[in-house]
1. Per DSSP H run of n ≥ 4, the term is -39500 (n - 2.57); total these for the chain, divide by its residue number, and report the mean residue ellipticity at 222 nm rounded to 500 deg cm²/dmol.
2. Quickly rank 12-23, 94-105 as a protection proxy: mean count of other C-beta atoms within 10 Å, highest first.
3. Tell me, what is the FRET efficiency for H41 and D134 to the nearest 0.05, using R0 = 35 angstrom and their Cβ-Cβ distance as r?
4. Where in the range 36-63 does the amide nitrogen come within less than 11 Å of the point 7 Å from the Cα of C25, taken along Cα to Cβ?
5. With r defined as the distance between the Cβ atoms of W32 and S115 and R0 fixed at 30 Å, what FRET efficiency is calculated, to the nearest 0.05?
6. Can you give me the convex hull volume of the Cα atoms of the chain, divided per residue and expressed in Å³?
7. Using 0.36 nm per residue of separation minus the Cα-Cα distance, give me the extension gain between E12 and C57 in nm, one decimal.
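Every read-out reported here was derived from the displayed coordinates using simple, explicitly stated rules and does not represent laboratory data. All values derive from a computational prediction rather than experimental measurement. Cβ coordinates were reconstructed from backbone atoms using ideal geometry, including for glycine residues, and neighbour counts include every protein chain displayed.
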Amino acid sequence: MVTVEVDPVSVESRLASRQLACPVCPGVLRPWGWARPRRVHGVPAVVRPRRARCAGCAVTQVLLPVTMLARRAYGAATVMAALAARAAGRGHRSISAGIAVPVGTVRGWLRRMSSRLEPVRAVFLAVASAAGVDQPAPIGAGSRWADTIAALGAATAALRARFGPAGPVGVVTPAAVAAACSAGRLLSPGWPDGHAAGFATRVVPAA
């Protein structure tokens with residue numbers, strides 16, 4: 001899984017010019033068909049993600065737009081709205097009513113995230129640091145949830161300062177940053193595993 005920008009024309013251009021690096025080996029990705037079309041709540045149009053295959057290791061990857069998370073029927077912005085509301089102290093029933101998502105779905109998101117708050121916070125802080133922009137460290141917000149969302153805010157601010165409001169994979173929003181940092185795996189089993197943070201924006205260095 002590799003997260004990419006929303007604009008399919010830009011994705012095709014980068015594939016054609018061999019600018020997308022394989023997340024598994026030093027090879028480059030080439031076009032390899034399409035994933036099945038799908039509707040994602042919160043994403044306006046039917047999505048049909050591009051597939052790519054590495055010219056080196058022959059592993060195939062789905063190129064997932066930063067508006068989506070892997071195997072989720074709701075867009076990244078909707079999921080992040082729920083997580084931010086939890087950090088603000090709201091319960092799952094209140095969040096469910098506020099974003100029009102079933103209670104059980106929201107409860108599942110919150111349970112999954114609550115089991116990984118500290119490592120996810122560490123990923124966001126590492127991204128903020130790697131952006132190479134002098135930004136103040138987020139002040140402790142008083143809870144693990146709030147601290148994690150504050151770290152995401154720091155990463156978002158650092159990337160905006162580095163790349164401007166429209167970064168390498170599109171408009172720099174907290175939801176897009178969370179999706180890109182996790183390669184779409186924000187709520188997937190096994191993440192963070194120390195590898196996914198680099199899967200979103202790697203490009204082949206100029207020769």
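1. It lands at -12500 deg cm²/dmol.
2. Listed from highest to lowest mean packing, they are 12-23, 94-105.
3. Efficiency for this residue pair is about 0.35.
4. 54-60
5. 0.30
6. 118
7. 14.1 nm
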